[in-house]
Amino acid sequence: MLNRIWVAFILVGFAAALVQTVQGDLDIFSRVLNGLFDSAKTSVEIALGLIGMMSLWLGIMKIGERGGLIEVFGRALAPFFRRVFPEIPTGHPASGSIVMNFSANLLGLDNAATPLGLKAMRELQEINPQKETASNPMIMFLVLNTAGITLIPTSVIAIRQSLALKEGLIGFNAADIFLPTLLGTFVSFCAGLVAVAMWQRINLFCRPVLAFFAGFAALMGGLYLWLGSLPPDEMARMIGLLGSGIIVSLIVLFVGVAAWRGIDVYESFVEGAKEGFGVAVQIIPYLVAMLAAISVFRSTGCMSYLVELIRSAVLALGLNADFVPALPVGLMKTLSGSGARGLMVDVMTTYGVNSFEGRLAAIIQGSTETTFYVLAVYFGSVGVTKTRYAVAGGLIADLVGLVGAILIAYAFYH
(Lines give C-alpha, C1' and ligand atoms only; values in the text may rest on other atoms or scores of the structure.)
Protein backbone atom coordinates (compact mmCIF):
# COMPACT_ATOMS: atom_id res chain seq x y z
CA MET A 1 0.00 0.00 0.00
CA LEU A 2 2.72 2.49 0.96
CA ASN A 3 4.58 1.72 -2.28
CA ARG A 4 1.46 2.36 -4.39
CA ILE A 5 0.70 5.64 -2.65
CA TRP A 6 4.31 6.80 -3.03
CA VAL A 7 4.29 6.03 -6.76
CA ALA A 8 0.88 7.70 -7.16
CA PHE A 9 2.11 10.92 -5.52
CA ILE A 10 5.02 11.11 -7.97
CA LEU A 11 3.10 10.17 -11.15
CA VAL A 12 0.01 12.27 -10.44
CA GLY A 13 2.19 15.24 -9.53
CA PHE A 14 4.22 14.86 -12.73
CA ALA A 15 1.07 14.64 -14.85
CA ALA A 16 -0.28 17.80 -13.21
CA ALA A 17 3.02 19.58 -13.90
CA LEU A 18 2.87 18.60 -17.59
CA VAL A 19 -0.66 19.99 -17.90
CA GLN A 20 0.40 23.27 -16.28
CA THR A 21 3.41 23.52 -18.60
CA VAL A 22 1.17 23.15 -21.66
CA GLN A 23 -1.05 25.88 -20.20
CA GLY A 24 1.91 28.27 -20.08
CA ASP A 25 3.37 27.83 -16.59
CA LEU A 26 7.01 27.43 -17.55
CA ASP A 27 8.26 27.61 -13.96
CA ILE A 28 6.33 24.64 -12.61
CA PHE A 29 9.16 22.12 -12.94
CA SER A 30 11.58 24.54 -11.29
CA ARG A 31 9.22 24.75 -8.32
CA VAL A 32 8.90 20.96 -8.21
CA LEU A 33 12.68 20.53 -8.31
CA ASN A 34 13.24 23.15 -5.62
CA GLY A 35 10.58 21.45 -3.51
CA LEU A 36 12.37 18.11 -3.89
CA PHE A 37 15.69 19.62 -2.80
CA ASP A 38 14.03 21.37 0.14
CA SER A 39 12.26 18.18 1.23
CA ALA A 40 15.53 16.21 1.14
CA LYS A 41 17.20 18.88 3.26
CA THR A 42 14.25 18.95 5.65
CA SER A 43 14.36 15.16 6.03
CA VAL A 44 17.97 15.24 7.18
CA GLU A 45 17.30 18.21 9.48
CA ILE A 46 14.41 16.32 11.10
CA ALA A 47 16.59 13.24 11.62
CA LEU A 48 19.48 15.31 13.01
CA GLY A 49 17.06 17.11 15.30
CA LEU A 50 15.90 13.73 16.56
CA ILE A 51 19.40 12.57 17.52
CA GLY A 52 19.55 14.56 20.74
CA MET A 53 15.95 13.82 21.70
CA MET A 54 16.28 10.13 20.82
CA SER A 55 19.52 9.81 22.78
CA LEU A 56 17.98 11.52 25.81
CA TRP A 57 14.76 9.53 25.93
CA LEU A 58 16.19 6.13 25.07
CA GLY A 59 18.80 6.74 27.75
CA ILE A 60 16.05 7.51 30.28
CA MET A 61 14.05 4.50 29.12
CA LYS A 62 17.07 2.22 29.55
CA ILE A 63 17.31 3.42 33.16
CA GLY A 64 13.59 2.75 33.66
CA GLU A 65 13.92 -0.68 32.07
CA ARG A 66 16.84 -1.78 34.26
CA GLY A 67 15.21 -0.28 37.33
CA GLY A 68 12.08 -2.36 36.69
CA LEU A 69 9.62 0.53 36.33
CA ILE A 70 8.87 -0.09 32.65
CA GLU A 71 7.72 -3.57 33.61
CA VAL A 72 5.54 -2.05 36.34
CA PHE A 73 3.87 0.32 33.87
CA GLY A 74 3.29 -2.59 31.52
CA ARG A 75 1.64 -4.65 34.25
CA ALA A 76 -0.61 -1.73 35.24
CA LEU A 77 -2.31 -1.75 31.84
CA ALA A 78 -1.75 -5.44 31.18
CA PRO A 79 -5.49 -6.37 31.07
CA PHE A 80 -6.18 -3.77 28.37
CA PHE A 81 -3.05 -4.53 26.35
CA ARG A 82 -3.57 -8.29 26.53
CA ARG A 83 -6.87 -7.75 24.68
CA VAL A 84 -5.61 -5.15 22.18
CA PHE A 85 -2.13 -6.69 21.69
CA PRO A 86 -2.75 -10.41 22.26
CA GLU A 87 0.49 -11.43 20.49
CA ILE A 88 2.81 -9.50 22.86
CA PRO A 89 4.14 -11.93 25.50
CA THR A 90 3.17 -11.20 29.10
CA GLY A 91 5.78 -9.02 30.80
CA HIS A 92 7.58 -8.08 27.56
CA PRO A 93 9.20 -4.60 27.77
CA ALA A 94 7.33 -3.49 24.63
CA SER A 95 4.18 -3.15 26.73
CA GLY A 96 5.86 -0.63 29.02
CA SER A 97 7.26 1.38 26.10
CA ILE A 98 3.84 1.50 24.45
CA VAL A 99 2.32 2.76 27.72
CA MET A 100 4.95 5.51 27.96
CA ASN A 101 4.41 6.50 24.32
CA PHE A 102 0.65 6.77 24.77
CA SER A 103 1.14 8.78 27.96
CA ALA A 104 3.33 11.30 26.14
CA ASN A 105 0.82 11.56 23.29
CA LEU A 106 -2.01 12.13 25.77
CA LEU A 107 -0.17 15.18 27.08
CA GLY A 108 0.65 16.50 23.60
CA LEU A 109 4.41 16.00 24.17
CA ASP A 110 5.45 15.03 20.62
CA ASN A 111 9.17 15.35 21.34
CA ALA A 112 8.87 12.74 24.06
CA ALA A 113 6.36 10.50 22.26
CA THR A 114 8.43 9.90 19.12
CA PRO A 115 11.54 8.39 20.74
CA LEU A 116 9.39 6.31 23.07
CA GLY A 117 7.40 5.05 20.10
CA LEU A 118 10.56 4.17 18.19
CA LYS A 119 11.79 2.21 21.18
CA ALA A 120 8.48 0.34 21.29
CA MET A 121 8.85 -0.51 17.60
CA ARG A 122 12.34 -1.91 18.13
CA GLU A 123 11.04 -4.11 20.95
CA LEU A 124 8.08 -5.26 18.83
CA GLN A 125 10.54 -6.13 16.07
CA GLU A 126 12.31 -8.49 18.48
CA ILE A 127 9.20 -10.70 18.62
CA ASN A 128 8.34 -10.27 14.93
CA PRO A 129 8.90 -13.60 13.12
CA GLN A 130 9.11 -11.93 9.67
CA LYS A 131 11.48 -8.98 10.03
CA GLU A 132 10.57 -7.25 6.74
CA THR A 133 6.81 -7.58 7.26
CA ALA A 134 4.76 -5.62 9.78
CA SER A 135 3.39 -7.83 12.56
CA ASN A 136 -0.12 -7.52 13.99
CA PRO A 137 1.07 -5.73 17.18
CA MET A 138 3.12 -3.28 15.07
CA ILE A 139 0.11 -2.40 12.94
CA MET A 140 -2.17 -1.95 15.94
CA PHE A 141 0.43 0.20 17.69
CA LEU A 142 1.04 2.42 14.67
CA VAL A 143 -2.63 2.93 13.82
CA LEU A 144 -3.43 3.84 17.42
CA ASN A 145 -0.37 6.10 17.40
CA THR A 146 -1.48 7.95 14.27
CA ALA A 147 -4.94 8.27 15.81
CA GLY A 148 -3.55 8.88 19.30
CA ILE A 149 -5.68 10.64 21.88
CA THR A 150 -4.38 14.10 22.79
CA LEU A 151 -5.80 15.50 26.01
CA ILE A 152 -4.21 18.94 25.68
CA PRO A 153 -3.39 20.47 22.24
CA THR A 154 -0.76 22.74 23.77
CA SER A 155 0.86 24.02 20.55
CA VAL A 156 -2.48 24.80 18.88
CA ILE A 157 -3.64 26.79 21.92
CA ALA A 158 -0.37 28.76 21.92
CA ILE A 159 -0.68 29.62 18.21
CA ARG A 160 -4.30 30.75 18.63
CA GLN A 161 -3.37 33.00 21.54
CA SER A 162 -0.54 34.57 19.54
CA LEU A 163 -2.77 35.27 16.54
CA ALA A 164 -5.50 36.68 18.79
CA LEU A 165 -3.03 39.21 20.18
CA LYS A 166 -2.11 40.27 16.63
CA GLU A 167 -5.80 40.70 15.80
CA GLY A 168 -6.32 42.78 18.94
CA LEU A 169 -8.96 40.48 20.43
CA ILE A 170 -9.74 41.31 24.07
CA GLY A 171 -10.55 38.52 26.53
CA PHE A 172 -10.01 35.84 23.87
CA ASN A 173 -9.98 32.27 25.20
CA ALA A 174 -7.47 30.40 23.05
CA ALA A 175 -8.29 27.15 24.86
CA ASP A 176 -11.98 27.14 23.98
CA ILE A 177 -11.26 24.38 21.45
CA PHE A 178 -10.05 22.11 24.26
CA LEU A 179 -13.16 19.94 24.62
CA PRO A 180 -14.04 19.73 20.87
CA THR A 181 -10.45 18.72 20.09
CA LEU A 182 -10.51 16.08 22.82
CA LEU A 183 -13.74 14.65 21.42
CA GLY A 184 -12.35 14.71 17.87
CA THR A 185 -9.18 12.85 18.75
CA PHE A 186 -11.19 10.31 20.77
CA VAL A 187 -13.36 9.62 17.70
CA SER A 188 -10.23 9.07 15.60
CA PHE A 189 -8.73 6.74 18.21
CA CYS A 190 -11.89 4.64 18.40
CA ALA A 191 -12.09 4.39 14.61
CA GLY A 192 -8.50 3.18 14.35
CA LEU A 193 -8.94 0.68 17.17
CA VAL A 194 -12.14 -0.78 15.73
CA ALA A 195 -10.75 -0.96 12.17
CA VAL A 196 -7.61 -2.88 13.16
CA ALA A 197 -9.52 -5.04 15.66
CA MET A 198 -11.81 -6.15 12.83
CA TRP A 199 -8.83 -7.00 10.63
CA GLN A 200 -7.17 -8.94 13.44
CA ARG A 201 -10.44 -10.40 14.78
CA ILE A 202 -9.96 -8.96 18.27
CA ASN A 203 -13.01 -8.89 20.53
CA LEU A 204 -13.31 -5.41 22.05
CA PHE A 205 -16.51 -6.12 23.99
CA CYS A 206 -14.73 -7.24 27.15
CA ARG A 207 -14.35 -5.82 30.63
CA PRO A 208 -10.75 -4.46 30.34
CA VAL A 209 -11.44 -2.52 27.12
CA LEU A 210 -14.80 -1.19 28.32
CA ALA A 211 -13.20 -0.19 31.64
CA PHE A 212 -10.48 1.69 29.73
CA PHE A 213 -13.04 3.71 27.79
CA ALA A 214 -15.07 4.38 30.94
CA GLY A 215 -11.94 5.59 32.71
CA PHE A 216 -11.03 7.83 29.81
CA ALA A 217 -14.51 9.34 29.76
CA ALA A 218 -14.21 10.08 33.49
CA LEU A 219 -10.78 11.64 32.89
CA MET A 220 -12.18 13.86 30.14
CA GLY A 221 -14.93 15.03 32.44
CA GLY A 222 -12.54 15.74 35.29
CA LEU A 223 -10.12 17.71 33.11
CA TYR A 224 -12.96 19.74 31.64
CA LEU A 225 -14.31 20.63 35.08
CA TRP A 226 -10.83 21.57 36.27
CA LEU A 227 -9.51 23.50 33.27
CA GLY A 228 -12.69 24.68 31.56
CA SER A 229 -13.44 27.48 34.01
CA LEU A 230 -9.91 28.91 34.22
CA PRO A 231 -8.90 32.15 32.49
CA PRO A 232 -6.80 31.60 29.33
CA ASP A 233 -3.46 32.65 30.86
CA GLU A 234 -3.95 30.52 33.95
CA MET A 235 -5.13 27.58 31.84
CA ALA A 236 -1.98 27.82 29.70
CA ARG A 237 0.19 27.79 32.83
CA MET A 238 -1.65 24.82 34.31
CA ILE A 239 -1.39 22.91 31.04
CA GLY A 240 2.34 23.56 30.92
CA LEU A 241 2.71 22.53 34.57
CA LEU A 242 0.74 19.33 34.01
CA GLY A 243 2.68 18.16 30.97
CA SER A 244 6.21 19.13 31.96
CA GLY A 245 5.68 18.24 35.63
CA ILE A 246 4.62 14.67 34.85
CA ILE A 247 7.52 14.06 32.46
CA VAL A 248 10.17 15.51 34.81
CA SER A 249 8.68 13.54 37.70
CA LEU A 250 8.92 10.32 35.68
CA ILE A 251 12.59 11.00 34.88
CA VAL A 252 13.36 11.59 38.57
CA LEU A 253 11.38 8.47 39.51
CA PHE A 254 13.30 6.32 37.00
CA VAL A 255 16.67 7.61 38.19
CA GLY A 256 15.78 7.40 41.88
CA VAL A 257 14.40 3.86 41.76
CA ALA A 258 17.29 2.57 39.63
CA ALA A 259 19.83 4.13 42.01
CA TRP A 260 18.00 2.67 45.03
CA ARG A 261 18.19 -0.78 43.45
CA GLY A 262 21.95 -0.47 42.90
CA ILE A 263 21.83 -0.01 39.11
CA ASP A 264 24.71 1.87 37.42
CA VAL A 265 22.44 4.72 36.28
CA TYR A 266 25.04 6.65 34.29
CA GLU A 267 26.22 3.63 32.27
CA SER A 268 22.62 2.61 31.64
CA PHE A 269 21.82 6.06 30.29
CA VAL A 270 24.85 6.08 27.98
CA GLU A 271 23.99 2.64 26.61
CA GLY A 272 20.43 3.72 25.80
CA ALA A 273 21.66 7.01 24.29
CA LYS A 274 23.91 5.10 21.88
CA GLU A 275 20.85 3.22 20.61
CA GLY A 276 19.05 6.54 20.10
CA PHE A 277 21.82 7.87 17.88
CA GLY A 278 21.68 4.80 15.64
CA VAL A 279 17.89 4.91 15.27
CA ALA A 280 17.87 8.61 14.31
CA VAL A 281 20.43 8.06 11.53
CA GLN A 282 18.67 4.94 10.24
CA ILE A 283 15.39 6.70 9.46
CA ILE A 284 16.92 9.30 7.08
CA PRO A 285 16.38 7.34 3.80
CA TYR A 286 12.75 6.63 4.67
CA LEU A 287 12.09 10.27 5.54
CA VAL A 288 13.70 11.50 2.32
CA ALA A 289 11.56 9.10 0.26
CA MET A 290 8.26 10.05 1.88
CA LEU A 291 8.76 13.81 2.10
CA ALA A 292 9.99 13.96 -1.51
CA ALA A 293 6.81 12.32 -2.82
CA ILE A 294 4.66 14.59 -0.66
CA SER A 295 6.53 17.62 -1.98
CA VAL A 296 5.77 16.71 -5.60
CA PHE A 297 2.08 16.28 -4.79
CA ARG A 298 1.93 19.63 -2.99
CA SER A 299 4.06 21.80 -5.28
CA THR A 300 2.14 20.78 -8.41
CA GLY A 301 -1.13 21.96 -6.87
CA CYS A 302 -2.73 18.53 -6.62
CA MET A 303 -3.80 19.17 -3.04
CA SER A 304 -5.60 22.36 -4.10
CA TYR A 305 -7.33 20.54 -6.96
CA LEU A 306 -8.54 17.88 -4.55
CA VAL A 307 -9.99 20.46 -2.16
CA GLU A 308 -11.84 22.29 -4.94
CA LEU A 309 -13.27 19.01 -6.17
CA ILE A 310 -14.62 18.32 -2.69
CA ARG A 311 -16.09 21.83 -2.47
CA SER A 312 -17.92 21.34 -5.76
CA ALA A 313 -19.30 18.00 -4.63
CA VAL A 314 -20.51 19.45 -1.30
CA LEU A 315 -22.26 22.36 -3.00
CA ALA A 316 -23.80 20.04 -5.59
CA LEU A 317 -25.35 18.04 -2.75
CA GLY A 318 -26.87 21.22 -1.34
CA LEU A 319 -24.84 21.01 1.88
CA ASN A 320 -23.21 23.79 3.84
CA ALA A 321 -19.64 24.30 2.60
CA ASP A 322 -18.32 26.55 5.38
CA PHE A 323 -15.98 23.77 6.46
CA VAL A 324 -14.18 23.52 3.11
CA PRO A 325 -11.61 26.32 3.75
CA ALA A 326 -10.33 24.34 6.75
CA LEU A 327 -10.32 21.01 4.91
CA PRO A 328 -6.75 21.36 3.54
CA VAL A 329 -5.48 21.26 7.13
CA GLY A 330 -6.89 17.76 7.57
CA LEU A 331 -5.72 16.55 4.18
CA MET A 332 -2.24 17.96 4.71
CA LYS A 333 -1.96 16.64 8.27
CA THR A 334 -1.76 13.06 6.99
CA LEU A 335 1.27 14.12 4.94
CA SER A 336 3.10 16.82 6.88
CA GLY A 337 2.66 18.20 10.39
CA SER A 338 4.52 21.44 9.63
CA GLY A 339 2.61 21.87 6.37
CA ALA A 340 -0.72 21.41 8.16
CA ARG A 341 0.36 23.87 10.84
CA GLY A 342 1.14 26.44 8.14
CA LEU A 343 -2.26 25.90 6.51
CA MET A 344 -3.97 26.24 9.90
CA VAL A 345 -2.28 29.59 10.49
CA ASP A 346 -3.26 30.67 6.97
CA VAL A 347 -6.94 29.81 7.61
CA MET A 348 -6.91 31.66 10.94
CA THR A 349 -5.23 34.69 9.36
CA THR A 350 -7.64 34.78 6.41
CA TYR A 351 -10.92 34.18 8.25
CA GLY A 352 -10.00 35.22 11.80
CA VAL A 353 -8.84 33.14 14.74
CA ASN A 354 -12.31 33.37 16.33
CA SER A 355 -14.23 32.42 13.17
CA PHE A 356 -15.89 29.08 12.51
CA GLU A 357 -13.26 28.28 9.88
CA GLY A 358 -10.43 29.23 12.23
CA ARG A 359 -11.79 27.16 15.10
CA LEU A 360 -12.40 24.16 12.83
CA ALA A 361 -8.83 24.37 11.50
CA ALA A 362 -7.54 24.34 15.09
CA ILE A 363 -9.71 21.33 16.03
CA ILE A 364 -8.55 19.40 12.96
CA GLN A 365 -4.90 20.22 13.66
CA GLY A 366 -5.24 19.05 17.25
CA SER A 367 -7.19 15.86 16.57
CA THR A 368 -5.44 14.34 13.54
CA GLU A 369 -1.94 12.96 12.98
CA THR A 370 0.81 12.83 10.31
CA THR A 371 0.06 9.27 9.24
CA PHE A 372 2.56 8.92 6.39
CA TYR A 373 5.34 10.57 8.38
CA VAL A 374 4.72 8.30 11.37
CA LEU A 375 4.59 5.16 9.22
CA ALA A 376 7.75 6.11 7.33
CA VAL A 377 9.71 6.90 10.49
CA TYR A 378 8.50 4.02 12.66
CA PHE A 379 8.68 1.28 10.04
CA GLY A 380 11.94 2.73 8.70
CA SER A 381 13.53 2.56 12.15
CA VAL A 382 13.22 -1.26 12.16
CA GLY A 383 13.60 -1.94 8.43
CA VAL A 384 10.01 -3.06 7.78
CA THR A 385 9.13 -2.69 4.08
CA LYS A 386 5.89 -4.70 3.83
CA THR A 387 3.34 -2.68 5.81
CA ARG A 388 0.26 -4.80 5.02
CA TYR A 389 -2.90 -2.87 5.98
CA ALA A 390 -1.20 -0.33 8.29
CA VAL A 391 -1.68 2.54 5.83
CA ALA A 392 -5.34 1.65 5.25
CA GLY A 393 -5.99 1.46 8.99
CA GLY A 394 -4.29 4.80 9.62
CA LEU A 395 -6.19 6.51 6.81
CA ILE A 396 -9.51 5.14 8.08
CA ALA A 397 -8.76 6.65 11.49
CA ASP A 398 -7.78 9.94 9.81
CA LEU A 399 -10.91 10.08 7.66
CA VAL A 400 -13.29 9.29 10.51
CA GLY A 401 -11.42 11.73 12.75
CA LEU A 402 -11.65 14.47 10.12
CA VAL A 403 -15.39 13.94 9.60
CA GLY A 404 -15.87 13.78 13.36
CA ALA A 405 -13.95 17.04 13.86
CA ILE A 406 -16.14 18.77 11.26
CA LEU A 407 -19.39 17.52 12.82
CA ILE A 408 -18.19 18.43 16.32
CA ALA A 409 -17.25 21.93 15.16
CA TYR A 410 -20.71 22.41 13.62
CA ALA A 411 -22.31 21.20 16.86
CA PHE A 412 -20.26 23.59 19.02
CA TYR A 413 -19.80 26.69 16.86
CA HIS A 414 -22.10 26.81 13.83
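The values are calculated or read from the model by the stated rules, or taken from the named source; none is laboratory data. Worth saying up front: this structure is predicted, and the values here are computed from it rather than measured. All Cβ positions, glycine included, derive from the backbone under ideal geometry; neighbour counts span all protein chains shown. Keep in mind that these areas ignore ligands, DNA and RNA; they rest on the heavy atoms of the full protein, side chains included. Shrake-Rupley method; radii C 1.70, N 1.55, O 1.52, S 1.80 Å.
Could you grab me the full set of residues in segment 40-89 that are of a type in the set (S, T, Y) and at pLDDT below 80? Explain how you work it out, then say what you get.
Just the residues of segment 40-89 that are of a type in the set (S, T, Y), to begin with: 42-43, 55.
Matches in segment 40-89: T42, S43.
Among V252, V270, V257, V296, which is the only one that is open to solvent by 70 Å² or more (accessible area, probe 1.4 Å), modelled with pLDDT of 85 or more and assigned to a helix (DSSP H, G or I)?
On the way: V270 fails: open to solvent by 70 Å² or more (accessible area, probe 1.4 Å); V257 fails: open to solvent by 70 Å² or more (accessible area, probe 1.4 Å); V296 fails: open to solvent by 70 Å² or more (accessible area, probe 1.4 Å).
The match here is V252.
Does Q125 satisfy being open to solvent by 10 Å² or more (accessible area, probe 1.4 Å), part of a helix (DSSP H, G or I), more than 23 Å from T185 (Cα to Cα) and at pLDDT 85 or above? Spell out how you get there, then give the answer.
Numbers: open to solvent by 10 Å² or more (accessible area, probe 1.4 Å): yes; part of a helix (DSSP H, G or I): yes; more than 23 Å from T185 (Cα to Cα): yes; at pLDDT 85 or above: yes.
Yes; evaluated as a whole, the condition is true for this residue.
Any chance segment 320-329 includes a residue that's open to solvent by 50 Å² or more (accessible area, probe 1.4 Å) and either modelled with pLDDT of 80 or more or of a type in the set (S, T, Y) (or both)?
Step one: of segment 320-329, the residues open to solvent by 50 Å² or more (accessible area, probe 1.4 Å) are 320, 322.
From what's left, either modelled with pLDDT of 80 or more or of a type in the set (S, T, Y) (or both): 320, 322.
Looking for residues that are open to solvent by 50 Å² or more (accessible area, probe 1.4 Å) and either modelled with pLDDT of 80 or more or of a type in the set (S, T, Y) (or both), one finds at least one in segment 320-329, hence yes.
Residue-by-condition table, conditions (1) modelled with pLDDT under 80; (2) exposed (fewer than 12 other Cβ atoms within 10 Å of the Cβ); (3) in contact with a helix residue (DSSP H, G or I) (Cβ under 9 Å, 6 or more places away or on another chain):
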position: I159; (1), (2), (3): yes, no, yes
position: T181; (1), (2), (3): no, no, yes
position: N203; (1), (2), (3): no, yes, yes
position: V209; (1), (2), (3): no, no, yes
position: G222; (1), (2), (3): yes, yes, no
position: G228; (1), (2), (3): yes, no, yes
position: I246; (1), (2), (3): yes, no, yes
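Just to be sure, is Y305 closer than 16 Å to T181 by Cα and open to solvent by 50 Å² or more (accessible area, probe 1.4 Å)?
Values: closer than 16 Å to T181 by Cα: no; open to solvent by 50 Å² or more (accessible area, probe 1.4 Å): yes.
Here the answer is no, as Y305 does not meet what is asked.
Among the numbered criteria (1) modelled with pLDDT of 85 or more; (2) within 23 Å of E65 (Cα to Cα); (3) not in a loop (DSSP other than H, G, I, E, B), which single criterion is violated by I263?
Going through (1) modelled with pLDDT of 85 or more; (2) within 23 Å of E65 (Cα to Cα); (3) not in a loop (DSSP other than H, G, I, E, B) one by one, I263 breaks only (3).
Report every pair of residues separated by at least 6 positions or lying on different chains whose Cβ atoms are under 8 Å apart, first residue within segment 367-395 and touching a residue at least 24 places away in the same chain (Cβ under 8 Å) and at positive phi, second of a type in the set (K, R) and not in a helix (DSSP H, G or I).
Qualifying pairs under 8 Å: G383/K131.
With assigned to a helix (DSSP H, G or I), hydrophobic (A, V, I, L, M, F, W, C) and free of Cβ contacts under 8 Å to residues at least 60 places away in the same chain as the only criterion, which of L165, L193, L183 stands out?
On the way: L193 fails: free of Cβ contacts under 8 Å to residues at least 60 places away in the same chain; L183 fails: free of Cβ contacts under 8 Å to residues at least 60 places away in the same chain.
None of the other options fit; the residue is L165.
Which numbered condition trips up I408, out of (1) touching a Leu at 6+ places or on another chain (Cβ under 6 Å); (2) open to solvent by less than 20 Å² (accessible area, probe 1.4 Å)?
Condition (2) is where I408 drops out.
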